[in-house]
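Working notes for the structure below.
The values are calculated or read from the model by the stated rules, or taken from the named source; none is laboratory data. Since the structure is predicted, the reported quantities are computational estimates derived from the model, not experimental observations. Positions of Cβ are backbone-derived with ideal geometry, glycine not excepted, and every protein chain shown enters the neighbour counts. Ligands, DNA and RNA are excluded from the accessible area calculation, which covers all protein heavy atoms including side chains. Shrake-Rupley method; radii C 1.70, N 1.55, O 1.52, S 1.80 Å.
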Amino acid sequence: MDIRLNNHFLDVKETYLFSDIAKRVRKFQEENPDREIIRMGIGDVTLPLPGAITSAMEEAVKQMADKASFHGYPPEYGYDFLRDAISDHYKNIGAPSVTPGIIYVSDGAKSDLGNLPDILGDNPVIIPDPVYPVYVDSNLMNGRKISFVNGTKENDFLPEPPADTGIEPSVIYICSPNNPTGAVYSYEGLTAWVNFALKTGSLIIFDAAYEAFISEDKPHTIYEIPGAESCAIEISSFSKFAGFTGVRCGWTVVPDTLEAGGIKLSKFWARRQATKFNGVSYITQMGAAASLSGKGFEECLANIAYYKRNATALANVFTDKGIYFTGGVNSPYIWLKCPGDIGGWEFFDSILERFGIVGTPGEGFGANGSGFFRLTAFGSYENTLKACELFKTL
Ligand code: PLP
């Protein structure tokens, strides 16, 4: 063929992180068929969907089987009942400015993160390092120029805005609570970013996928911060809150007050979604709405509490051992400094060999991840306790 391809895809580094991990685990299993493996590597939920959610989805299936209540194409920005429920949730977490009309329901946060560059021009992009790799890759695919702000032990993996002299208006990604570090911004920390964005004419894309894990007095949404409606889009998800990683539903908030060059960003996002996306199934949205009300909400919180008990158990061990870590409090992730100043892959091999525990080397999340390691609290309590006993002998 003689067509031209989008060669920016060549700029995206092939990541072998999870395939490398799988390969090493397979080899270990072949060599040690009798050893138990404790998997703390992947950021996927493991508890089944709460009963109130599956009941709502079953009811939706029944409606689909009846001519009188059948639903065809969903509204492109989401059913009103779900947009209302999400807006009510924002009221409960201190952001009444998030009205139903500025909420765009999607099939998950990852899709929206990947799709947002569609409506943005060729702006410089600022991304924290380490962070969820989708921000980097989706911008590379569009040929954007990326600079990084460093998360390090010195700033507890909460990078501050760069000195704003000579900063062009930029697109800034913030993930709080962060994947992989579990670090979460304080009100002051997030206010500094909002003020920086307002001052430099920049846009913040705030990823709140782990909001439900926050239990300390920290911002659950960027719209708790004054001025954010003039500089921030927020992306969130039912994946980790309601166990929807396999069901697929999320949302994006694009306030009508966001404008660039006299054009509302919501106009472009609404057009983008209406053109390229055909909505989320009625059954899924019924389940999602059930997660935000009454019994469904309580059940989701109980699942989050289960994962957080795991995180606390792990955090206690590393605190007692004097091993530096972030996360574990407002997050399902523990991000620890590999003991003995070894690299993440060396630590990976060492705990696989000694304990049969699988985690994720920090090297997979950016240059500053080198020598760090991510453990997740999404496993069973029993396995987490076994892992804790083993980590005590580190
Ligand atoms: N944002 C962050 C920070 C994540 O860690 C993940 C998934 O692990 C996502 C977004 C993707 O969420 P979703 O399942 O809604 O696509």
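Some points to look at:
- Looking across the range 44-66 at every residue that is among the charged types (D, E, K, R) and surrounded by fewer than 12 Cβ atoms within 10 Å (Cβ to Cβ), the one that is farthest from the ligand (Cβ to nearest atom) is identified as D66.
- The condition (being within 16 Å of the ligand (Cβ to nearest atom), open to solvent by less than 20 Å² (accessible area, probe 1.4 Å) and closer than 23 Å to K337 by Cβ) is satisfied by just one residue among I172, I127: I127.
- Which numbered condition N195 fails, given (1) at positive phi; (2) away from the ligand (no atom under 16 Å from the Cβ): (1)
- Scanning the range 292-326 for residues that are in contact with a Cys (Cβ under 8 Å, 6 or more places away or on another chain) and β-branched (V, I, T) yields a count of 1.
- Applying the criterion of being open to solvent by less than 30 Å² (accessible area, probe 1.4 Å) and under 14 Å from the mean Cα position of the chain (by Cα) to the residues of the range 101-113, the residue that is farthest from the ligand (Cβ to nearest atom) is D112.
- Residues of the range 1-45 that are acidic (D, E) and outside any loop (DSSP other than H, G, I, E, B): D11, D20, E30, E31.
- The set of residues in the range 238-253 that are open to solvent by 10 Å² or more (accessible area, probe 1.4 Å), within 10 Å of the ligand (Cβ to nearest atom), in a loop (DSSP other than H, G, I, E, B) and not polar (S, T, N, Q) comprises G246, V247, R248.
- Applying the criterion of being polar (S, T, N, Q) and touching a residue at least 40 places away in the same chain (Cβ under 8 Å) to the residues of the range 203-232, the residue that is least open to solvent (accessible area, probe 1.4 Å) is T221.
- Candidates I38, I42, filtered to the one that is hydrophobic (A, V, I, L, M, F, W, C) and modelled with pLDDT of 95 or more: I38
- Some residue of the range 67-81 being open to solvent by 30 Å² or more (accessible area, probe 1.4 Å), in a helix (DSSP H, G or I) and in the same structural domain as P162 (by TED's automatic domain parsing): yes
- Within the set A367, A305, A289, the sole residue that is in the same structural domain as A242 (by TED's automatic domain parsing) and either without any contact (Cβ under 8 Å) to a residue 12 or more places away in the chain or open to solvent by 10 Å² or more (accessible area, probe 1.4 Å) (or both) turns out to be A289.
- Lone qualifier among T360, T326 - being touching a strand residue (DSSP E or B) at 6+ places or on another chain (Cβ under 9 Å) and either within 13 Å of G41 (Cα to Cα) or among the acidic types (D, E) (or both): T360
- Index of the failed condition, I235 passing every other in (1) assigned to a loop (DSSP other than H, G, I, E, B); (2) within 11 Å of the ligand (Cβ to nearest atom): (1)
- Restricting the range 14-43 to residues that are open to solvent by 90 Å² or more (accessible area, probe 1.4 Å) and touching a residue at least 12 places away in the same chain (Cβ under 8 Å), the residue that is farthest from the chain's Cα centre (by Cα): E36
- Test: residue in the range 149-158 that is in contact with a strand residue (DSSP E or B) (Cβ under 7 Å, 6 or more places away or on another chain), closer than 30 Å to T284 by Cβ and surrounded by 20 or more Cβ atoms within 10 Å (Cβ to Cβ): no
- Restricting N316, N278 to those that are open to solvent by 30 Å² or more (accessible area, probe 1.4 Å), out of contact with any Ser or Thr (no Cβ under 8 Å at 6 or more places or on another chain) and over 30 Å from E229 (Cβ atoms) reduces the list to N316.
- Yes/no for F9 being outside the structural domain of L352 (by TED's automatic domain parsing), away from the ligand (no atom under 16 Å from the Cβ), open to solvent by 90 Å² or more (accessible area, probe 1.4 Å) and touching a helix residue (DSSP H, G or I) at 6+ places or on another chain (Cβ under 9 Å): yes
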